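Q: After the C-alpha coordinates below, expect a handful of questions from me.
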Amino acid sequence: MLHLLENDTVLPIKQLKVLASKRSAGKQVEFRGTSVTVEEALPESFKGVDIALFSAGGAVSKELAPEAAKHGAIVIDNTSAFRMDPEVPLVVPEVNEQALFDHNGIIANPNCSTIQMVAALQPLREKFGLSRIIVSTYQAVSGAGMTAIEEMKRESQAALNGEPVNPSFLPVKSGEKHYQIAFNAIPQIDKFQDNRYTFEEMKMINETRKIMGDASIKVAATCVRLPVHSGHAESVYVELGKADLSVEEILNVLSEAPGVIVEDDPATQTYPMPINSVGKTDVFVGRVRRDLDVASGYHLWIVSDNLLKGAAWNSIQIAHSLIKLGLIKTNG
Ligand code: L14
(Lines give C-alpha, C1' and ligand atoms only; values in the text may rest on other atoms or scores of the structure.)
Protein backbone atom coordinates (compact mmCIF):
# COMPACT_ATOMS: atom_id res chain seq x y z
CA MET A 1 0.00 0.00 0.00
CA LEU A 2 2.78 2.42 0.94
CA HIS A 3 4.60 1.63 -2.27
CA LEU A 4 1.48 2.30 -4.37
CA LEU A 5 0.72 5.50 -2.43
CA GLU A 6 4.26 6.72 -2.96
CA ASN A 7 3.72 6.75 -6.74
CA ASP A 8 0.04 7.77 -6.65
CA THR A 9 -0.98 10.83 -8.67
CA VAL A 10 -4.73 10.81 -7.90
CA LEU A 11 -4.89 11.18 -4.12
CA PRO A 12 -3.90 14.65 -2.90
CA ILE A 13 -1.91 13.32 0.09
CA LYS A 14 -1.16 16.18 2.48
CA GLN A 15 -0.08 14.02 5.35
CA LEU A 16 0.52 10.31 5.82
CA LYS A 17 0.27 8.53 9.16
CA VAL A 18 1.60 5.00 9.56
CA LEU A 19 -0.10 3.15 12.41
CA ALA A 20 0.72 -0.27 13.80
CA SER A 21 0.74 -2.23 17.05
CA LYS A 22 2.69 -0.99 20.07
CA ARG A 23 5.43 -3.45 19.13
CA SER A 24 6.19 -1.62 15.85
CA ALA A 25 5.71 1.91 17.19
CA GLY A 26 8.87 3.97 16.81
CA LYS A 27 10.08 2.25 13.65
CA GLN A 28 10.77 4.47 10.66
CA VAL A 29 9.41 4.08 7.15
CA GLU A 30 10.47 6.08 4.11
CA PHE A 31 7.74 7.91 2.21
CA ARG A 32 8.53 10.23 -0.71
CA GLY A 33 12.02 10.90 0.55
CA THR A 34 11.10 11.63 4.16
CA SER A 35 11.20 9.41 7.17
CA VAL A 36 7.84 8.74 8.86
CA THR A 37 7.70 7.39 12.41
CA VAL A 38 5.31 4.48 12.97
CA GLU A 39 2.79 5.30 15.71
CA GLU A 40 0.74 2.98 17.87
CA ALA A 41 -2.82 2.68 16.50
CA LEU A 42 -5.27 4.02 19.08
CA PRO A 43 -8.88 5.20 18.68
CA GLU A 44 -7.71 8.87 18.85
CA SER A 45 -5.12 8.26 16.11
CA PHE A 46 -7.84 8.74 13.49
CA LYS A 47 -8.79 12.32 14.45
CA GLY A 48 -8.39 14.47 11.34
CA VAL A 49 -7.83 11.46 9.07
CA ASP A 50 -9.81 11.41 5.79
CA ILE A 51 -9.04 7.90 4.51
CA ALA A 52 -7.83 5.02 6.69
CA LEU A 53 -6.47 1.93 4.94
CA PHE A 54 -6.63 -1.09 7.28
CA SER A 55 -4.67 -4.30 6.75
CA ALA A 56 -3.66 -5.64 10.14
CA GLY A 57 -5.98 -8.64 10.48
CA GLY A 58 -9.66 -9.03 11.28
CA ALA A 59 -9.35 -8.59 15.05
CA VAL A 60 -7.66 -5.18 14.72
CA SER A 61 -10.24 -4.08 12.15
CA LYS A 62 -13.16 -5.15 14.36
CA GLU A 63 -11.76 -3.12 17.22
CA LEU A 64 -10.44 0.00 15.49
CA ALA A 65 -12.38 0.46 12.22
CA PRO A 66 -15.58 1.60 14.02
CA GLU A 67 -13.46 3.98 16.13
CA ALA A 68 -11.82 5.43 13.02
CA ALA A 69 -15.24 5.88 11.39
CA LYS A 70 -16.54 7.55 14.57
CA HIS A 71 -13.72 10.08 14.29
CA GLY A 72 -14.81 10.90 10.72
CA ALA A 73 -12.38 8.80 8.70
CA ILE A 74 -13.60 6.60 5.85
CA VAL A 75 -12.15 3.16 6.45
CA ILE A 76 -11.13 0.89 3.56
CA ASP A 77 -10.70 -2.48 5.25
CA ASN A 78 -8.63 -5.24 3.69
CA THR A 79 -9.73 -7.98 6.12
CA SER A 80 -12.76 -10.26 6.10
CA ALA A 81 -14.17 -8.62 9.28
CA PHE A 82 -16.97 -6.57 7.68
CA ARG A 83 -17.29 -7.96 4.16
CA MET A 84 -20.66 -9.64 4.61
CA ASP A 85 -22.09 -6.91 6.89
CA PRO A 86 -25.18 -5.57 5.05
CA GLU A 87 -24.27 -2.02 6.19
CA VAL A 88 -20.84 -2.24 4.55
CA PRO A 89 -20.28 -1.93 0.78
CA LEU A 90 -17.99 -4.62 -0.66
CA VAL A 91 -16.39 -3.03 -3.68
CA VAL A 92 -14.42 -3.85 -6.80
CA PRO A 93 -14.53 -0.48 -8.62
CA GLU A 94 -14.80 -2.02 -12.11
CA VAL A 95 -17.85 -3.97 -10.96
CA ASN A 96 -19.88 -2.07 -8.34
CA GLU A 97 -18.35 1.36 -7.73
CA GLN A 98 -21.85 2.83 -7.16
CA ALA A 99 -22.20 0.79 -3.94
CA LEU A 100 -19.79 3.31 -2.36
CA PHE A 101 -22.64 5.84 -2.12
CA ASP A 102 -24.20 3.64 0.61
CA HIS A 103 -21.18 3.59 2.90
CA ASN A 104 -21.48 4.29 6.62
CA GLY A 105 -17.81 4.99 7.29
CA ILE A 106 -16.50 1.49 6.53
CA ILE A 107 -15.90 -0.01 3.08
CA ALA A 108 -14.68 -3.58 2.67
CA ASN A 109 -12.04 -4.70 0.20
CA PRO A 110 -13.00 -8.20 -0.99
CA ASN A 111 -11.02 -11.43 -0.79
CA CYS A 112 -8.11 -11.61 -3.25
CA SER A 113 -9.36 -14.63 -5.23
CA THR A 114 -12.83 -13.08 -5.50
CA ILE A 115 -11.60 -9.70 -6.76
CA GLN A 116 -9.70 -11.02 -9.77
CA MET A 117 -12.52 -13.41 -10.69
CA VAL A 118 -15.35 -10.85 -10.62
CA ALA A 119 -13.23 -8.22 -12.41
CA ALA A 120 -12.82 -10.63 -15.33
CA LEU A 121 -16.36 -12.05 -15.31
CA GLN A 122 -18.39 -8.85 -14.86
CA PRO A 123 -17.87 -7.62 -18.45
CA LEU A 124 -19.14 -10.98 -19.75
CA ARG A 125 -22.04 -10.87 -17.32
CA GLU A 126 -23.01 -7.35 -18.44
CA LYS A 127 -22.95 -8.33 -22.10
CA PHE A 128 -24.40 -11.85 -22.01
CA GLY A 129 -25.79 -12.54 -18.52
CA LEU A 130 -24.25 -15.06 -16.11
CA SER A 131 -25.97 -17.77 -14.10
CA ARG A 132 -23.29 -20.11 -12.79
CA ILE A 133 -19.59 -20.17 -11.79
CA ILE A 134 -17.47 -23.18 -10.84
CA VAL A 135 -13.94 -22.16 -9.85
CA SER A 136 -10.80 -23.94 -8.70
CA THR A 137 -7.97 -21.75 -7.44
CA TYR A 138 -4.20 -22.17 -7.53
CA GLN A 139 -3.23 -19.72 -4.80
CA ALA A 140 0.13 -18.25 -3.95
CA VAL A 141 1.76 -18.44 -0.54
CA SER A 142 2.21 -14.65 -0.10
CA GLY A 143 -1.53 -14.35 0.66
CA ALA A 144 -0.82 -16.07 3.96
CA GLY A 145 1.92 -13.55 4.82
CA MET A 146 5.65 -13.32 5.42
CA THR A 147 5.83 -16.27 7.82
CA ALA A 148 4.32 -18.54 5.18
CA ILE A 149 6.78 -17.33 2.54
CA GLU A 150 9.68 -17.98 4.90
CA GLU A 151 8.29 -21.43 5.66
CA MET A 152 8.05 -22.27 1.93
CA LYS A 153 11.66 -21.18 1.33
CA ARG A 154 12.98 -23.01 4.36
CA GLU A 155 11.09 -26.20 3.44
CA SER A 156 12.26 -26.04 -0.18
CA GLN A 157 15.88 -25.74 0.93
CA ALA A 158 15.49 -28.55 3.46
CA ALA A 159 13.75 -30.82 0.94
CA LEU A 160 16.51 -30.28 -1.64
CA ASN A 161 19.10 -31.09 1.01
CA GLY A 162 17.21 -34.27 1.91
CA GLU A 163 16.49 -32.95 5.41
CA PRO A 164 13.12 -33.06 7.27
CA VAL A 165 10.93 -30.05 6.45
CA ASN A 166 9.03 -29.66 9.76
CA PRO A 167 6.08 -27.51 8.66
CA SER A 168 4.67 -25.29 11.43
CA PHE A 169 2.42 -22.67 9.80
CA LEU A 170 0.44 -23.67 6.68
CA PRO A 171 -2.31 -24.36 5.87
CA VAL A 172 -3.72 -22.53 8.92
CA LYS A 173 -1.49 -21.18 11.66
CA SER A 174 -3.88 -22.05 14.50
CA GLY A 175 -4.85 -25.42 12.99
CA GLU A 176 -4.08 -28.76 14.65
CA LYS A 177 -2.01 -30.04 11.72
CA HIS A 178 0.56 -28.39 9.49
CA TYR A 179 1.55 -29.66 6.08
CA GLN A 180 4.53 -29.15 3.79
CA ILE A 181 3.88 -26.60 1.03
CA ALA A 182 7.24 -27.04 -0.77
CA PHE A 183 6.75 -29.30 -3.83
CA ASN A 184 3.14 -29.90 -2.79
CA ALA A 185 -0.48 -28.74 -3.28
CA ILE A 186 -2.69 -28.19 -0.21
CA PRO A 187 -6.47 -28.20 -0.76
CA GLN A 188 -7.17 -26.07 2.31
CA ILE A 189 -7.06 -22.28 2.65
CA ASP A 190 -8.46 -20.97 5.91
CA LYS A 191 -10.58 -23.03 8.33
CA PHE A 192 -13.19 -25.66 7.49
CA GLN A 193 -16.87 -24.76 7.90
CA ASP A 194 -19.65 -27.18 8.91
CA ASN A 195 -20.65 -27.70 5.25
CA ARG A 196 -17.15 -29.14 4.41
CA TYR A 197 -16.20 -26.03 2.41
CA THR A 198 -13.30 -23.91 3.70
CA PHE A 199 -13.84 -20.31 4.78
CA GLU A 200 -11.82 -19.16 1.73
CA GLU A 201 -14.22 -21.08 -0.53
CA MET A 202 -17.27 -19.64 1.23
CA LYS A 203 -15.77 -16.14 0.98
CA MET A 204 -15.54 -16.58 -2.80
CA ILE A 205 -19.13 -17.82 -2.98
CA ASN A 206 -20.77 -15.21 -0.73
CA GLU A 207 -18.65 -12.24 -1.78
CA THR A 208 -19.20 -12.90 -5.50
CA ARG A 209 -22.97 -12.76 -4.99
CA LYS A 210 -22.75 -9.60 -2.88
CA ILE A 211 -20.43 -7.74 -5.29
CA MET A 212 -22.46 -8.75 -8.35
CA GLY A 213 -25.65 -7.89 -6.46
CA ASP A 214 -27.38 -11.14 -7.34
CA ALA A 215 -27.94 -13.80 -4.68
CA SER A 216 -29.25 -16.21 -7.32
CA ILE A 217 -25.91 -16.74 -9.08
CA LYS A 218 -24.82 -20.34 -8.59
CA VAL A 219 -21.23 -20.45 -7.31
CA ALA A 220 -18.99 -23.31 -6.19
CA ALA A 221 -15.31 -23.01 -5.29
CA THR A 222 -12.35 -25.24 -4.47
CA CYS A 223 -9.37 -23.32 -3.13
CA VAL A 224 -5.89 -24.83 -3.31
CA ARG A 225 -2.51 -23.53 -2.16
CA LEU A 226 0.51 -24.09 -4.40
CA PRO A 227 4.19 -23.37 -3.74
CA VAL A 228 4.02 -20.18 -5.82
CA HIS A 229 5.40 -16.98 -4.27
CA SER A 230 2.85 -14.46 -5.61
CA GLY A 231 0.06 -14.42 -8.19
CA HIS A 232 -3.16 -16.39 -7.83
CA ALA A 233 -4.42 -18.44 -10.78
CA GLU A 234 -7.98 -19.70 -11.26
CA SER A 235 -9.60 -22.20 -13.55
CA VAL A 236 -13.13 -20.89 -14.05
CA TYR A 237 -16.16 -22.54 -15.66
CA VAL A 238 -19.04 -20.14 -16.34
CA GLU A 239 -22.52 -20.51 -17.71
CA LEU A 240 -23.52 -17.35 -19.56
CA GLY A 241 -26.96 -16.17 -20.65
CA LYS A 242 -26.04 -16.80 -24.27
CA ALA A 243 -25.25 -20.16 -25.87
CA ASP A 244 -22.83 -20.91 -28.70
CA LEU A 245 -20.78 -17.72 -28.40
CA SER A 246 -17.54 -17.89 -30.34
CA VAL A 247 -14.24 -17.60 -28.47
CA GLU A 248 -13.64 -14.45 -30.49
CA GLU A 249 -16.83 -12.81 -29.17
CA ILE A 250 -15.71 -13.52 -25.61
CA LEU A 251 -12.16 -12.31 -26.20
CA ASN A 252 -13.50 -9.12 -27.79
CA VAL A 253 -15.52 -8.28 -24.68
CA LEU A 254 -12.61 -9.11 -22.36
CA SER A 255 -10.12 -7.03 -24.34
CA GLU A 256 -12.35 -3.94 -23.94
CA ALA A 257 -12.80 -4.50 -20.18
CA PRO A 258 -11.15 -2.06 -17.74
CA GLY A 259 -8.25 -3.58 -15.80
CA VAL A 260 -8.32 -6.80 -17.85
CA ILE A 261 -5.61 -7.95 -20.24
CA VAL A 262 -6.15 -10.85 -22.63
CA GLU A 263 -3.21 -13.20 -23.16
CA ASP A 264 -4.64 -16.02 -25.22
CA ASP A 265 -3.10 -17.65 -28.26
CA PRO A 266 -2.56 -21.42 -28.37
CA ALA A 267 -0.55 -21.08 -31.60
CA THR A 268 2.15 -19.13 -29.76
CA GLN A 269 1.68 -20.79 -26.34
CA THR A 270 0.42 -17.48 -24.94
CA TYR A 271 -1.47 -17.61 -21.64
CA PRO A 272 -1.25 -15.90 -18.24
CA MET A 273 1.03 -17.26 -15.52
CA PRO A 274 1.55 -16.11 -11.91
CA ILE A 275 5.21 -15.10 -12.31
CA ASN A 276 4.34 -12.77 -15.17
CA SER A 277 1.59 -11.09 -13.13
CA VAL A 278 3.83 -10.10 -10.23
CA GLY A 279 4.10 -6.32 -9.78
CA LYS A 280 1.23 -5.61 -12.19
CA THR A 281 -2.18 -4.26 -11.24
CA ASP A 282 -4.13 -5.93 -14.10
CA VAL A 283 -6.15 -9.12 -14.22
CA PHE A 284 -4.89 -11.46 -16.98
CA VAL A 285 -7.21 -13.83 -18.83
CA GLY A 286 -6.47 -16.64 -21.26
CA ARG A 287 -7.20 -20.28 -22.20
CA VAL A 288 -10.74 -19.24 -23.24
CA ARG A 289 -12.68 -22.25 -24.59
CA ARG A 290 -16.26 -23.32 -25.20
CA ASP A 291 -17.42 -26.21 -23.07
CA LEU A 292 -17.72 -29.32 -25.24
CA ASP A 293 -21.05 -30.45 -23.78
CA VAL A 294 -22.92 -27.41 -22.41
CA ALA A 295 -23.82 -24.85 -25.09
CA SER A 296 -23.84 -21.90 -22.65
CA GLY A 297 -20.72 -23.10 -20.77
CA TYR A 298 -17.26 -21.57 -21.20
CA HIS A 299 -13.83 -22.03 -19.57
CA LEU A 300 -11.29 -19.35 -18.65
CA TRP A 301 -7.95 -19.08 -16.82
CA ILE A 302 -7.65 -15.94 -14.69
CA VAL A 303 -4.37 -14.74 -13.10
CA SER A 304 -3.51 -11.66 -11.03
CA ASP A 305 -1.03 -10.45 -8.40
CA ASN A 306 -2.87 -11.31 -5.18
CA LEU A 307 -1.05 -8.56 -3.28
CA LEU A 308 -1.95 -5.84 -5.83
CA LYS A 309 -5.36 -6.17 -7.55
CA GLY A 310 -6.19 -8.78 -4.89
CA ALA A 311 -5.42 -6.41 -2.03
CA ALA A 312 -3.45 -3.14 -1.99
CA TRP A 313 -4.31 -1.87 -5.48
CA ASN A 314 -8.04 -2.56 -5.14
CA SER A 315 -8.00 -0.62 -1.84
CA ILE A 316 -6.23 2.35 -3.47
CA GLN A 317 -8.69 2.17 -6.39
CA ILE A 318 -11.55 2.42 -3.88
CA ALA A 319 -9.92 5.59 -2.50
CA HIS A 320 -9.67 6.93 -6.08
CA SER A 321 -13.37 6.18 -6.60
CA LEU A 322 -14.30 7.99 -3.36
CA ILE A 323 -12.53 11.11 -4.68
CA LYS A 324 -14.07 10.78 -8.14
CA LEU A 325 -17.59 10.38 -6.70
CA GLY A 326 -17.14 13.35 -4.37
CA LEU A 327 -17.49 11.22 -1.25
CA ILE A 328 -14.49 12.58 0.67
CA LYS A 329 -15.26 15.47 2.98
CA THR A 330 -12.01 16.83 4.33
CA ASN A 331 -12.02 15.96 8.01
CA GLY A 332 -10.47 18.50 10.41
O1 L14 B 1 -9.89 -13.10 2.91
O2 L14 B 1 -3.88 -16.62 1.07
O3 L14 B 1 -8.40 -11.56 2.92
O4 L14 B 1 -4.23 -17.10 3.14
C5 L14 B 1 -6.31 -13.32 3.45
C6 L14 B 1 -5.33 -14.49 3.50
C7 L14 B 1 -7.68 -14.61 1.87
C8 L14 B 1 -6.70 -15.76 1.91
C9 L14 B 1 -8.72 -12.75 2.98
C10 L14 B 1 -4.42 -16.41 2.15
C11 L14 B 1 -7.68 -13.83 3.14
C12 L14 B 1 -5.35 -15.24 2.20
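The values are calculated or read from the model by the stated rules, or taken from the named source; none is laboratory data. Just so it is clear, the model here is predicted, and its values are computed rather than measured. For neighbour counting, all protein chains shown are included, and Cβ atoms are generated from backbone atoms with ideal geometry for every residue, glycine included. Remember, those area values only see protein heavy atoms, side chains included, never the ligands or the DNA or RNA. Shrake-Rupley method; radii C 1.70, N 1.55, O 1.52, S 1.80 Å.
Q: With the full set of protein chains in place, find how many percent of the accessible area of segment 1-142 is carbon and sulfur; take the probe as 1.4 Å.
A: C and S fraction of accessible area: 51 percent.
Q: Net charge around K22, counting only other residues with Cβ within less than 15 Å of its Cβ (Lys, Arg = +1; Asp, Glu = -1)?
A: Neighbourhood net charge equals -2.
Q: Another question about this same structure. May I ask you to list the lysines whose Cα is less than 21 Å away from that of K22, ignoring any residue fewer than eight positions away on the same chain?
A: K47, K62
Q: Would you kindly derive the ³J(HN,Hα) couplings of segment 289-297 from the backbone phi angles with the Karplus curve 6.51 cos²θ - 1.76 cosθ + 1.60 (θ = phi - 60°), listing them in order in whole Hz, with x for Gly and Pro?
A: 9, 7, 5, 7, 10, 9, 5, 9, x
Q: Oh, and also: Based on the Kirkwood radius over alpha-carbon pairs, what value in µm²/s does the Stokes-Einstein equation return for the translational diffusion coefficient of segment 120-227 at 20 °C and 1.002 mPa s?
A: Estimated via Stokes-Einstein, D reaches 138 µm²/s.
Q: On the protein heavy atoms, probe 1.4 angstrom, tell me the percent of accessible surface of segment 164-253 carried by carbon and sulfur.
A: About 50 percent, which is the carbon plus sulfur part of the accessible surface.
Q: Could you go through segment 247-259 in sequence order and give the Karplus-derived ³J(HN,Hα) for each residue, using 6.51 cos²θ - 1.76 cosθ + 1.60 with θ = phi - 60°, rounded to whole Hz, and x for Gly and Pro?
A: Listing the rounded values in order: 4, 4, 4, 5, 5, 4, 5, 5, 6, 8, 6, x, x Hz.
Q: I've got another one for you. Could you give the C-alpha radius of gyration of segment 1-93 expressed as a fraction of 2.2 N^0.38 Å, taking N as the number of residues it contains?
A: 1.10
Q: Where only protein heavy atoms count, and the probe is 1.4 Å, what is the accessible area per residue for the chain in Å²?
A: 49
Q: Moving to a separate point now. Do me a favour and compute the ellipsoid semi-axes for segment 1-158 from its Cα gyration tensor, root of five times each eigenvalue, largest one first, whole Å.
A: Taking √(5λ) for each eigenvalue gives 29, 24, 16 Å, largest first.
Q: Go through segment 101-108 residue by residue and turn each phi into a ³J(HN,Hα) via Karplus (6.51, -1.76, 1.60, θ = phi - 60°); whole Hz please, and just put x for glycine and proline.
A: 4, 8, 6, 10, x, 10, 10, 9
Q: Whole number please: convex hull volume per residue of the Cα set in segment 159-279, in Å³?
A: 179
Q: Shifting gears a bit: Binned at 20 Å from 0, what are the whole-percent values of the Cα-Cα distance distribution for the chain, short to long?
A: Reading upward from the zero bin: 30, 58, 13, 0.
Q: Also: Report the paramagnetic label zone for L292: residues of segment 249-269 whose backbone N is under 20 Å from a point 7 Å from Cα along the Cα-to-Cβ axis.
A: The answer is 265-267.
Q: Moving to a separate point now. Give the relative contact order (percent, whole number) for the chain; include only Cα pairs under 8 Å separated by 6+ residues.
A: Taking the mean separation of contacting Cα pairs over the length of the chain, I get 19 percent.
Q: Continuing with the same structure: Summing Lys, Arg as +1 and Asp, Glu as -1, what charge do residues with Cβ under 14 Å from the Cβ of C223 carry, C223 excluded?
A: Net of charged neighbours comes to -1.
Q: What is the log10 of I(q)/I(0) for segment 147-207, computed with the Debye formula using one identical point scatterer on each Cα and no solvent, at q = 0.13, 0.19, 0.23, 0.25 Å⁻¹?
A: Per q value, in the given order, log10 I(q)/I(0) is -0.40, -0.71, -0.90, -1.00.
Q: At a Förster distance of 35 Å, what's the computed FRET efficiency of A215 paired with S156, Cβ-Cβ distance as r, to 0.05?
A: For R0 = 35 Å, the calculated efficiency reads 0.25.
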